[in-house]
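Working notes, beginning with the structure itself.
Read the figures in this text as sums done on the coordinates, not as results from a lab. Note that the structure is a prediction, hence the values are computed from the model and not measured. With ideal geometry, Cβ positions are generated from the backbone for all residues, glycine too; neighbour counts draw on all protein chains shown.
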Amino acid sequence: MTDFQTIDLLAILPEIALTALGVLVLVLDVTWRGKIRQQLGVVTAVGLFAIAALTAVFTYPAESQLLYGGMMRHDLLAFVMRLIFLVAAGFTALLSVDVDNLGRRGEYYAVLIAAVIGMNLMAASADLIMLYLALETTSISAYILAGFLFNEERSAEAGMKYFLFGAVTSTVMLFGFSLLFGFAGTTNLYQIGTTIQANSLAITVIAVLVLVGVGFKLAVFPFHFWSPDVYEGAPTPVTAFISTASKAAGFAVLLRVFLIAFDGTNLQSASNWLPLLTSIAVVTTSLGNLVALTQKNIKRLLAYSSIAHAGYALMAFTAIQSAPVQAEAVAAVVYYLVTYVLTNLTAFGVIILVAKNVGSDDVAAFAGLNKRSAGLSLAMLVAFLSLGGIPPLAGFVGKFFIFMALVKANLLWLAIVLAVNSLIALYYYLLVLNVVYNRPVAEGATEIQVSAPYRVALTALCVGVVVFGVIIAPFYDPITRIFDLVK
Amino acid sequence: MQIPYVLSIITFIPMVAGLALLAFPAEKKEAIRWTALTAGIIDLALCIFVYFNPVRPAVERFDWIPSIGVSYIMAVDGLSLPLVLLTGIVMVTGVMISWGIEDRPREFFAFIYILACGVFGVFMAQDLFLLFFFYEIAVFPMYLLIAIWGWKQRREYAAMKLTLFLVIGSLFALVAALAMYFQAHTLTGVYTFDMLKMEGLAFPPEFQRWAFPVVFIGFAILAGMFPFHNWSPDGHVAAPTAVSMFHAGVLMKLGAYAALRVGVMLLPEGAKEWMPILVFFSLVNVVYGAFVAMTRDDLKYMIGYSSVSHMGLVVLGIATLTPQGLTGAGLQMFSHGAMTALFFSCVGMIYDRAHTRQIPELGGMIKKLPFVGIAFIFGGLVSMGMPGFSGFVAEFPIFMGAWQASVTQQNPAYFWIAIISALAIVITAAYILRAVRRVFFGAVPEHFEHGDHVITPIRTMDKVAIVILAFTLFMLGVYPNWMAPLIQTGVDNVLRLLGGA
């Protein structure tokens, strides 16, 4: 190995800082007693946001390069994704503070931070071994988080189910990795991309095997079965985290592995697996939306809705099949992820507060929310309209970019699938809003108290949703370069 | 005199006011109402100023997402300016009529104002992205307004139906608009959503052939075009008074305007090709809408279907692609907007007191509510197209346009369309007169004299609103020259794009 350079340090600065933060939280966990433990979540959140700021200011990659003997890649994709994970985790920590048996436990925050480290490395890794380690770091942390309330049957079941599904799919993917190594003779994604032959049947098979693992992270059909149960059973902040950051991490892997190792920039090799991805996207979206129609539990409803949203982003990705659209397709995926993460976190923030007050996750628990807390109902309105793709909220712009990529790639039929699906989705989002605004308040319900961390988090998230829906260019323009810089 | 950025100010005053209202404490209802009214009046004053100012406001523009050619461009022309004025009028009168809303007035006025912002935006936007942006902003508050404050028995069904119809229309139009954007790039090498730059680009005929009907119908759904019209009467019946006024008065014009602005003006060749077919659908609107209106006993259904019929005349006027027809369509949009707003406010006042809208259950209202009775009859005369009222001023050119189209396009079908649609006025007269006779004349049903359903006089605020609307219609009827030449300037631009057809 050559001399250690500044760039080597900068490339893993966020992870170093995260490790320090994790240690800090654990130390505080041991030393803090009594009421002050409430601040554990706030400390974590502030730390995560500070690291996000640090990352944004100091680690912007001037040029893409492979580091640590080809283990990691320091590029724009990793940079943007890291910011998404850090911000999502920061909000998750803020939204956890008042949750019973969770909000005051240091190890919860430490595991959350560990998951973020894993995700950061997932987005940056350029080597099969590194990638697998990062994936497992994330996954194992996520299993623990989902089953964190081990005294509660639902949570324990969620953790177990998540773990079993995850173990099986990751084994299949590992098998795919081993085959990939066998064919290419190297574990480096970038070298694999140049050595494997296009058009070979073996590559298609390997792509399917790898897709099993990635599809599990994305919760796309047919690897989505775990998500409604896990979302319902896991503690709600964890659900928020899994449905946003973890999904985004899956997309980071999808982008790098399929664009580089499976040579997606080359249309001929991409044609081996693109039809498969396209059909998965269409089925995932339609299935997610149709099943969501029948859900009575808000967490399950959002689980199916998030399955559908993963399908939308996947649709955008399939637009890479047209050479001039590739950069826009990748940008559409990333922009959509950003808008989706912010929006879903908002929705889950409201759900946490309502569920804490009412003691139920049913949609019916939201009856008359407007009369019980005007602020929360407004946050709910912002979140659900953004999910439905209504301007001036972020969801509209995200969807617009997907439409644009699809139409430009001449995939009009996919655009129409997306349009019809948006309509179905809008239907059930509006039904929830109808409950919020229009159903009578239950007997004896009181005004919902919103404590300071939640107020800050929800306000910031709502502002974020509007900002990404109105001030678009400063965010969109840089991410259009992700595609060129990832190559 | 010029006010810089006046168009943006007009558009965003309602949005700012709406958001500010949400910050009020819920129990300060009086303060909320007065704040809403004040904001509305300021906005209307600006609309009137812009309308009568001989100097057209400058185009307001800045780059929004330059990398994909999205700009924020606001401008008005002869076609949109009357609609901006109409929106201002309906907004203020809608607030006045809603003075008595006791259930969450804060949210009610806030949503109405967010809706108004979207409507103003669509009428002024000169960029396709911006147009869709505002269009969707205008659609979603309707859902909540109808679902929360609407008529209990139908509101959730009607609100959902309305929203889904409108959104699917706009999504399809969006896909076609994006296709236009990429076509324009192929032709010019520049990515832009700027409609002023897209105007006059010769899109390939085969492209226009499929894109035009998608765009036109996608928007025309909002104008209540047959066979996608039946969300509209359902929506009217379920909506609270002010929302009905907005819905029929302004929102349906939004659809017709956008269909004209994006469909006809950007894809003229497609328009020429498809119009003979669309003209048939609009004829169905006119005749079928009028017949259905005659069979309805619910006053709101009756007016809802009459709106379908009258909006059919707007689409007919556009579809003739003649100067007279287009001018008539422009006038009809304004006249019908103010007229239905008047109708719905009258019906709302009757319903608030009598708790029924069934024509057979009412009677003698002119004795109880003389002001409402006179206003309704006035609106009825407009609706029937009596000479001297604005309906005549608007509808006559449409028939002339259809007649003329039979000559210019050498298509005798237009001749018959002109005759049949003119005869539909007879049906209109029949149902309006029937309603006037049975609701306002005859004996007052016993139970309206005392007890729970006693008819109380209307508020001063209601009277002011009625007077504003009636005065507007009256002025247009007796002196159309304050609007017709203006609309003609807009029509000239459309005709220029159509190649002098």
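For the stretch B:160-243, the relative contact order works out to 41 percent when only alpha carbon pairs closer than 8 Å and six or more residues apart are counted. When you restrict to C-alpha pairs under 8 Å that are six or more residues apart and normalise by the size of chain B, the relative contact order lands at 15 percent.
With 22 Å as the limit, the listed pairs A:217/A:356; A:161/A:217; B:253/B:300 have A:217/A:356 beyond it between alpha carbons.
Here the peptides B:14-24, A:344-354 are ranked by packing, the mean other Cβ count within 10 Å, and the order with the highest first is A:344-354, B:14-24. Scaled against the 2.2 N^0.38 Å expected of a compact globular protein of N residues, the Cα radius of gyration of the protein assembly as shown reads 1.00. Karplus-based coupling profile of the stretch A:471-476, in residue order and whole Hz: 8, 9, 4, x, 8, 6, with θ = phi - 60° in 6.51 cos²θ - 1.76 cosθ + 1.60 and x standing for Gly or Pro. With an a/c value of 1.5 or above and a/b not larger than b/c for the gyration tensor axes a ≥ b ≥ c computed over the alpha-carbon atoms, chain B is described as oblate. Taking amide H as placed 1.01 Å from N in the peptide plane, residue A:127 has its amide H under 5 Å from the amide H of A:189, each at least 5 places away in sequence or on another chain. Take every pair of alpha-carbon atoms less than 8 Å apart whose residues are at least six positions apart; their mean separation over the length of the stretch B:355-448 yields a relative contact order of 45 percent. Annotation: aspartates and glutamates with alpha-carbon distance below 15 angstrom to residue A:35 (same-chain offsets under eight excluded): A:98, A:100. Estimated from helical segments only, the mean residue ellipticity of chain A at 222 nm is -24000 deg cm²/dmol, where each DSSP H run of four or more residues counts as -39500 (n - 2.57).
To the nearest 20 debye, what is the magnitude of the charge dipole of the stretch B:280-501 about its Cα centre, counting +1 on the Cβ of each Lys and Arg and -1 on the Cβ of each Asp and Glu?
Numbers: 12 positive and 10 negative charges, 25 e Å.
That gives a dipole near 120 debye.
Here the stretch A:376-406 and the stretch B:35-56 have alpha carbon centers that stand 31 Å from each other. Hey, if you put +1 on the Cβ of every Lys and Arg and -1 on every Asp and Glu Cβ in the stretch A:1-267, which of A:264, A:224, A:129 ends up farthest toward the positive end of that dipole? Value: A:224.
For the protein assembly as shown, the residue among B:378, B:439, A:31 whose Cα projects farthest onto the positive side of the dipole built from Cβ charges is B:439.
To the nearest whole number, what is the average tally of beta carbon atoms from other chains within 10 Å of the beta carbons of peptide B:171-182? The shielding value for this peptide is 5.
Would you mind counting up the charge near residue A:438? Only other residues with Cβ under 10 Å from its Cβ, with Lys and Arg at +1 and Asp and Glu at -1. Walk me through the numbers before you get to the answer.
Details: positive: A:439, B:155; negative: B:156.
Net charge in that neighbourhood comes out at +1.
Here the dipole of the stretch A:1-267 is about 300 debye; that uses its Cα centre as origin and unit charges on the Cβ of Lys and Arg (positive) and Asp and Glu (negative). Extents of chain A, largest first, come to 68, 54, 41 Å (Cα atoms, principal axes, whole angstrom). By the count of neighbouring beta-carbon atoms within 10 Å, fewest first, B:440, B:448 end up ordered B:448, B:440. Rounded to the nearest 20 debye, the dipole magnitude of the protein assembly as shown is 1420 debye, with +1 charges on Lys and Arg beta carbons, -1 on Asp and Glu beta carbons, and the Cα centre as origin. When the charge dipole of the stretch A:273-487 is built from unit charges on Cβ atoms (+1 for Lys and Arg, -1 for Asp and Glu) and taken about the Cα centre, the candidate among A:405, A:463, A:292 whose Cα reaches farthest toward its positive end is A:292.
Does the stretch B:280-501 come out rounded, prolate or oblate, given a ≥ b ≥ c as the square roots of the eigenvalues of its C-alpha gyration tensor, rounded meaning a/c under 1.5 and, failing that, prolate meaning a/b above b/c? Numbers along the way, then the final one.
Details: a/c = 3.14, a/b = 1.94, b/c = 1.62.
Prolate shape, in that a/c is at least 1.5 and a/b is the bigger ratio.
Relative to one another, the C-alpha centroids of the stretch A:409-441 and the stretch B:427-501 are positioned 36 Å apart. Each residue of the stretch B:417-429 is assigned a 3J(HN,Hα), and the resulting list reads 4, 4, 5, 5, 5, 5, 5, 4, 4, 4, 5, 3, 4 Hz, derived from the Karplus form 6.51 cos²θ - 1.76 cosθ + 1.60 (θ = phi - 60°), x at Gly and Pro. Amide H to amide H distances under 5 Å link residue A:362 with A:298, where only residues 5 or more positions off or on other chains count and H is placed in the peptide plane. Cα centroid separation, the stretch A:206-237 to the stretch B:350-416: 60 Å. Within 10 Å of the Cβ of each residue in B:59-66, the mean number of Cβ atoms contributed by other protein chains is 2.
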